[in-house]
Structures are given as C-alpha cells and as structure tokens.
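Asks: Below you will find the structure I want to go over with you.
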Amino acid sequence: MNVTKALLGIVGVVVFLVVSMSLFTISQGYHAIELRLGRLVNDPSTGIPLVLGPGLHMKLPLIESVRVFDTRIQT
C-alpha cells in the first residue's frame, strides 16, 4: 500500500510538471511566434507563420518555444 501511494505521488508530480511547462500566457499588448526546434511554426490552413494573440496557449514542452514581442505603439 505504501509503495502504491509513493508511485501515485511521483506520477502526480510528473503530470503537474508537464502541464505547467505546456501552458503559457500572452498579455494584452503583446503577440508571439511559436518556434518548433528553432524553426517557425506555420499555420496549416494558410501556410504563413503562426502569430499568437493575447490569452492562454499550449505548446509541446522541450520541443516548442515562444518568442513574445511588444506590439504597442513605439516611437
């Protein structure tokens, strides 16, 4: 019984880490591009690079990264 509780705890921690590495937010006034292994991710319907707007998004941990850019008016 004690071994199953420990194993269940370890699995729970691993699942929590994967989910926390997968979710990210983009604040209002910012846009982001997604990179998969250093290359731009294209939108499947149009074929142009995917630009992410504000909100909650998901990515594949350790494979995809996100570059966030400020889109407010700059002089």
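The values are calculated or read from the model by the stated rules, or taken from the named source; none is laboratory data. Predicted model only: the values in this text are computed from it and were never measured. Note that each Cβ is placed from the backbone with ideal geometry, even for glycine, and that neighbours are counted across all protein chains shown. Surface accessibility is based on the protein's heavy atoms, side chains included, excluding ligands, DNA and RNA. Shrake-Rupley method; radii C 1.70, N 1.55, O 1.52, S 1.80 Å.
Asks: Find all pairs meeting these conditions: Cβ atoms under 7 angstrom apart; at least six residues apart or on different chains; first residue within segment 22-45 and closer than 16 Å to Arg67 by Cβ; second residue in a loop (DSSP other than H, G, I, E, B) and basic (Lys, Arg).
Replies: If the second residue must be in a loop (DSSP other than H, G, I, E, B) and basic (Lys, Arg), the pairs left are Phe24/Lys59; Gly29/Arg72; Glu34/Lys59.
Asks: Please verify whether segment 49-72 includes one or more residues that are open to solvent by less than 70 Å² (accessible area, probe 1.4 Å), of a type outside the set (D, E, K, R) and without any contact (Cβ under 8 Å) to a residue 24 or more places away in the chain.
Replies: yes
Asks: So, one more: So which residues in segment 1-26 are farther than 11 Å from Pro61 by Cα and small (Gly, Ala, Ser), if there are any at all?
Replies: Once the filter is applied, which keeps residues that are farther than 11 Å from Pro61 by Cα and small (Gly, Ala, Ser), segment 1-26 yields Ala6, Gly9, Gly12.
Asks: Restricting the search to segment 1-41, which residues are open to solvent by 50 Å² or more (accessible area, probe 1.4 Å), at pLDDT 90 or above and not in a helix (DSSP H, G or I)?
Replies: Of everything in segment 1-41, those that are open to solvent by 50 Å² or more (accessible area, probe 1.4 Å), at pLDDT 90 or above and not in a helix (DSSP H, G or I) turn out to be Leu23, Thr25, Ser27, Gln28, Tyr30, His31, Arg36, Leu37, Arg39, Leu40.
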